[in-house]
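The values are calculated or read from the model by the stated rules, or taken from the named source; none is laboratory data. Only a predicted model underlies this, so the values are computations on that prediction, with no experimental measurement involved. As a convention, Cβ positions derive from the backbone with ideal geometry for all residues, glycine included, and neighbour counts pool all protein chains shown. In case anyone asks, the SASA skips ligands and DNA or RNA and just uses the protein heavy atoms, side chains included. Shrake-Rupley method; radii C 1.70, N 1.55, O 1.52, S 1.80 Å.
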Amino acid sequence: MRFWRKAMEKMINPKERKKLDSWKRKYEEAKLAYSDDISAMKTCTNMYDGDRAVNGNPNKSVTPKKVSINVRNITYELIESQVDSSIPMPKVIPIHKEDEELAQDIETALQNEIRLLHFNELNDKQERIVPIIGGDFMHVEWDNTKGFHCTVGGISVSERHPKFVIPQPGVTEIDDMDYIFIQIPQTKAFVKAKYNVDVKDATDTEPENTDSKKNMSDDIVTVIKCYYRHDGVIGLFTWCEDYILEDYDDYQARRLCRCVE
């Protein structure tokens, strides 16, 4: 009974199934093409973490079985000694004397935005990830649950590690890509609250994204977002296992929720 209930909950119409299968196929192809880069990222991260592995003799095919006993993690020391978590505050200089007060208002608004978006924490992460991996990503989204008493929605900015950003194969510039994928590990409760889709029976399709065994949990799933070009606009297709969470042909279009009555 549970199997059939799970199957019914996942059931989607043939058109949606075709679209889901198409993007999942492109995603698997992109992930395969990106696998060497992800492997190189793991090597660099292991060096930062103090990997004790010993390189083998390049003239022999014997794999070393021992690890180094004493290791000074020079990679860690070099990176941490250069970390600067401070963020320069914006400075607005007015052209006209009478605009000084307006310039101060703009400065204050920008400084508040930096604090609200937690840029200090994001910058602290990137100060380490960029030297280790060679780059990092800022993911800018619109969050309709944000806002104040007189506004609806607001900007949400997240840090995305390069291993979670899967590019279109063969294309190196994001501006030139027809599509790009982003992996986001999230809890099932969060997915239910954000997308109004119950994924309690879903399994994690990307278990390798878990950093350690102690963090592995049946309550974690990987949400995959695909941004793509579509008739001159940007579309968004989001799924988790076999559950479709979002499908927008024009993701950046303005939308308002209205009562059907």
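Structure summary
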read-out: Residue within region 86-98 that is surrounded by fewer than 12 Cβ atoms within 10 Å (Cβ to Cβ) and closer than 30 Å to residue 257 by Cα present; value: no
read-out: Subset of region 1-17 [surrounded by 11 or more Cβ atoms within 10 Å (Cβ to Cβ) and either modelled with pLDDT under 55 or under 21 Å from residue 182 (Cα atoms) (or both)]; value: 6, 7, 9, 16, 17
read-out: For residue 137: the one exception among (1) out of contact with any strand residue (DSSP E or B) (no Cβ under 7 Å at 6 or more places or on another chain); (2) open to solvent by 50 Å² or more (accessible area, probe 1.4 Å); value: (1)
read-out: Counted residues, region 50-65 - those being loosely packed, with under 10 Cβ neighbours inside 10 Å and within 26 Å of residue 78 (Cα to Cα); value: 1
read-out: Leading residue by the ranking (farthest from the chain's Cα centre (by Cα)) among those in region 214-241 that are closer than 21 Å to residue 20 by Cα and open to solvent by 90 Å² or more (accessible area, probe 1.4 Å); value: 231
read-out: Subset of region 144-159 that is under 15 Å from the mean Cα position of the chain (by Cα) and either in a helix (DSSP H, G or I) or exposed (fewer than 15 other Cβ atoms within 10 Å of the Cβ) (or both) - its residue that is modelled with the lowest pLDDT; value: 156
read-out: Out of 192, 163, sole residue that is closer than 25 Å to residue 22 by Cα and within 18 Å of the chain's Cα centre (by Cα); value: 163
read-out: Filter result (open to solvent by 50 Å² or more (accessible area, probe 1.4 Å) and either touching a residue at least 60 places away in the same chain (Cβ under 8 Å) or in a helix (DSSP H, G or I) (or both)) within region 68-79; value: 74, 76, 77, 78
read-out: Test: residue in region 110-117 that is part of a loop (DSSP other than H, G, I, E, B), under 24 Å from the mean Cα position of the chain (by Cα) and surrounded by 13 or more Cβ atoms within 10 Å (Cβ to Cβ); value: yes
read-out: Failed criterion for residue 137 (all others in (1) of a type in the set (Phe, Trp, Tyr); (2) under 19 Å from residue 225 (Cβ atoms); (3) more than 15 Å from the chain's Cα centre (by Cα) hold); value: (3)
read-out: Top-ranked residue of region 167-183 - restricted to ones that are under 15 Å from residue 236 (Cβ atoms) and in contact (Cβ under 8 Å) with a residue 60 or more places away in the chain, ranked as surrounded by the fewest Cβ atoms within 10 Å (Cβ to Cβ); value: 179
read-out: Flag for residue 189 being modelled with pLDDT of 90 or more, among the small types (Gly, Ala, Ser) and either surrounded by 11 or more Cβ atoms within 10 Å (Cβ to Cβ) or more than 23 Å from residue 163 (Cβ to Cβ) (or both); value: yes
read-out: The one condition in (1) β-branched (Val, Ile, Thr); (2) within 25 Å of residue 122 (Cα to Cα); (3) surrounded by 15 or more Cβ atoms within 10 Å (Cβ to Cβ) that residue 244 fails to fulfil; value: (2)
